[in-house]
Amino acid sequence: MRAVVQRVLSASVTVNSEIVSEISRGLMVLVGIGVDDNAADVENLAKKILSLKVFSNSSGDMWKANVKDIQGEILCVSQFTLMANTSKGNKPDFHRAMPAGQSQATYASFLQFMGTQYSPGKIKDGKFGAMMNVSLTNEGPVTFTLDSRKFEYITPPIPTQAVAQSSGGLIRSPDETSK
């Protein structure tokens, strides 16, 4: 699973000119579900979102409070496009996204788990599968991308030494800088 998490002053979702959900201060979360995501991914991502320290504490110290600490709200929107592969050509490939029927159940379990870990009344969502207009006032801006699993490169990155050689030696490998 993948999420784009934004700290917001407010956010809302409109479908067919009707506001279906809105929040005040808290988090706007776009959620993408992959073909191999399961209950462990649901729990991992939900816990990470709820514990992410992106707010100031009561003393004004930044990065010291999470959404629960400030009694903030969370607006979640399912967004399969987060799972797109855009590495080849110009057309996004959505084969990594879980099919709609299955992902709707996984998304529902994600929302339910979020509610059990926080307060069900503080967890809001858009309308699954609908064409939505999402509005928000980003505070900061503060935006993070989260993955439920350890990030892995599809194609391994070029080692630093190879980059250094191809760029005329402008970048040094860790081995070279310690000499």
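Computed from phi, the 3J(HN,Hα) profile of region 22-37 under the Karplus parametrisation 6.51, -1.76, 1.60 (θ = phi - 60°) reads 7, 9, 9, 4, x, 10, 9, 10, 8, 10, x, 10, x, 4, 10, 6 Hz, with x in place of Gly and Pro. Pairs of lysine residues in region 2-148 that meet both criteria, 8 or more places apart or on different chains and Cα atoms under 30 Å apart, total 21.
Counting alpha carbon pairs within less than 8 Å and at least 6 residues apart, what relative contact order, in whole percent, applies to region 1-137? Provide the component values of the computation, followed by the final result.
Values: 271 pairs, mean separation 44.8, N = 137.
Once normalised by length, the contact order is 33 percent.
Amide H contacts for ASP125 (H built 1.01 Å from N in the peptide plane; partners 5 or more residues away or on another chain; cut-off under 5 Å): CYS76.
Taken one residue at a time, the phi angles of region 92-100 give Karplus couplings (6.51, -1.76, 1.60, θ = phi - 60°) of x, 10, 9, 5, 7, 7, 5, x, 3 Hz. Gly and Pro are set to x.
No value in this document is a laboratory result; all are computed from the given coordinates. For clarity, every value in this text was computed on a predicted model and none was experimentally measured.
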